[in-house]
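**Q** This is the structure, below, for whatever I ask next.
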Amino acid sequence: MKQFCDLNLLRYLSALAQYGRLDRAAFHLGVSRSTINRALSELRDNFGNELFIVEQGQYSATRFTKELLVKAEPAMDDLSALYRSADDYDFTKEQGTLVVYAPNAFSDLITLKFYLAMQERGSQLKFESRSWPAHGIPNFNSEEIAIGLNTYPFDIDKQLVQHYAGDFPLGIFCRKGHELLTQDIVDISTLTSDLKLVRMSPKVAIPKWLREKSAEYIPTVAADLTVSSLSVALACVEQHDFCMFAHHGGYHLNTPNVDWRPIGIDGEIIKLKYGWIHHRTWYQHPIMKVIKDIIHDVNQGFD
């Protein structure tokens with residue numbers, strides 16, 4: 001007897017034992033008679049037993065087959081129920097907490113939208129926003145329903161799975177009257193090294209190609225001030241003539257003396273790709289399909 005057996009073959013064994021004839025078993029399973037015959041041959045080889053006594057096309061299960069099916073059929077029923085439960089997954093019954101890691105600039109952008117999209121789907125999950133660590137990737141707990149949002153692609157190990165989500169325009173906040181705001185699209189070549197910058201921490205990861213392109217024009221530009229609050233960052237822009245790189249997201253609507261412009265190269269707006277990651281334990285779990293839909297909905301607001 002072989003040590004392992006394709007469990008799917010046991011479905012053929014069960015059907016043949018139930019219906020007693022190849023044509024009836026094949027019709028029940030929606031396969032050909034030759035498929036049943038090949039399965040039966042493999043099962044006989046696997047178990048070293050004839051499995052059926054055949055007389056005039058009638059298949060009668062041997063004692064071994066009957067005992068085997070008594071043990072195997074409950075497990076087969078459990079597997080079938082598991083497959084059905086995946087198809088019938090109900091997000092509204094999911095309990096616990098959904099944790100979303102993101103840089104502060106992302107959190108301010110997506111947290112409320114994400115939560116509202118969950119509520120529209122009848123979610124009972126609690127929602128917890130956590131700051132992306134200043135260095136590296138969040139430490140995902142395999143038992144925790146958690147995702148991370150940041151620029152895409154991610155430098156991750158095999159324990160995590162990543163997905164592309166969309167893109168959004170990169171821009172700059174300045175106090176109204178700033179010379180950069182005279183441009184409809186602020187060309188990257190006009191961002192001089194003496195630009196006074198404030199940034200939020202932890203910062204959004206900037207792709208290598210953009211860092212290299214920026215270095216051609218502003219090789220020494222760096223943030224003069226780092227803060228962890230969006231309101232403080234915008235206050236620095238409004239009251240102290242700092243500038244800040246970010247997707248606008250309507251942030252400045254409550255800061256009347258601040259305006260935003262997209263940043264571009266040769267008239268083309270720079271867009272940053274973003275995506276999301278999660279622990280491989282949750283790969284293809286139905287809840288991740290719902291989260292993918294929510295992220296898609298949230299992405300519609302990135303204009």
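The values are calculated or read from the model by the stated rules, or taken from the named source; none is laboratory data. This is a predicted model, so every value here is computed, not measured. Here Cβ is always computed from backbone atoms with ideal geometry, including for glycine, and neighbour counts include all displayed protein chains. Side chains included, ligands, DNA and RNA excluded: accessible areas come from the protein's heavy atoms. Shrake-Rupley method; radii C 1.70, N 1.55, O 1.52, S 1.80 Å.
**Q** Please enumerate the residues belonging to the range 6-29 that are part of a loop (DSSP other than H, G, I, E, B) and closer than 16 Å to Ser41 by Cβ.
**A** Asp6, Asn8
**Q** If you check Asp77, Asp45, Asp88, Asp23, which single one turns out to be loosely packed, with under 13 Cβ neighbours inside 10 Å and under 30 Å from Gly148 (Cβ atoms)?
**A** The unique qualifying residue is Asp88.
**Q** With the requirement that a residue be part of a strand (DSSP E or B) and either more than 17 Å from Lys273 (Cβ to Cβ) or open to solvent by 20 Å² or more (accessible area, probe 1.4 Å) (or both), what does the range 150-185 give you?
**A** Answer for the range 150-185, where residues must be part of a strand (DSSP E or B) and either more than 17 Å from Lys273 (Cβ to Cβ) or open to solvent by 20 Å² or more (accessible area, probe 1.4 Å) (or both): Leu160, Gln162, His163, Tyr164, Ala165, Asp167, Ile172, Phe173, Cys174, Arg175.
**Q** So Phe114 passes all but one of these: (1) touching a residue at least 24 places away in the same chain (Cβ under 8 Å); (2) closer than 27 Å to Ala246 by Cβ; (3) part of a loop (DSSP other than H, G, I, E, B). Which condition number does it fail?
**A** Result: Phe114 passes all but (3).
**Q** Scan Ile110, Ile147 and give me the residue that is touching a His at 6+ places or on another chain (Cβ under 6 Å), of a type in the set (A, V, I, L, M, F, W, C) and closer than 23 Å to Pro169 by Cα.
**A** Among Ile110, Ile147, only Ile147 is touching a His at 6+ places or on another chain (Cβ under 6 Å), of a type in the set (A, V, I, L, M, F, W, C) and closer than 23 Å to Pro169 by Cα.
**Q** Check Lys196 against each of (1) at pLDDT below 90; (2) in contact with a Cys (Cβ under 9 Å, 6 or more places away or on another chain); (3) basic (Lys, Arg); (4) crowded, with 19+ Cβ neighbours inside 10 Å and name the one condition it does not meet.
**A** Going through the list (1) at pLDDT below 90; (2) in contact with a Cys (Cβ under 9 Å, 6 or more places away or on another chain); (3) basic (Lys, Arg); (4) crowded, with 19+ Cβ neighbours inside 10 Å, Lys196 breaks only (4).
**Q** Determine if the range 126-145 includes at least one residue that is of a type in the set (Phe, Trp, Tyr), in contact with a helix residue (DSSP H, G or I) (Cβ under 7 Å, 6 or more places away or on another chain) and either within 23 Å of Ser229 (Cβ to Cβ) or in contact (Cβ under 8 Å) with a residue 12 or more places away in the chain (or both).
**A** Checking the range 126-145: at least one residue is of a type in the set (Phe, Trp, Tyr), in contact with a helix residue (DSSP H, G or I) (Cβ under 7 Å, 6 or more places away or on another chain) and either within 23 Å of Ser229 (Cβ to Cβ) or in contact (Cβ under 8 Å) with a residue 12 or more places away in the chain (or both).
**Q** A follow-up question, please. What is the one condition in (1) out of contact with any Asp or Glu (no Cβ under 8 Å at 6 or more places or on another chain); (2) surrounded by 13 or more Cβ atoms within 10 Å (Cβ to Cβ); (3) in a loop (DSSP other than H, G, I, E, B) that Phe106 does not satisfy?
**A** So the condition that Phe106 fails would be (3).
**Q** Still on this structure, please answer the following. Test Asp303 against the stated conditions and say whether it is assigned to a loop (DSSP other than H, G, I, E, B), among the acidic types (Asp, Glu) and either open to solvent by less than 80 Å² (accessible area, probe 1.4 Å) or at pLDDT below 80 (or both).
**A** yes
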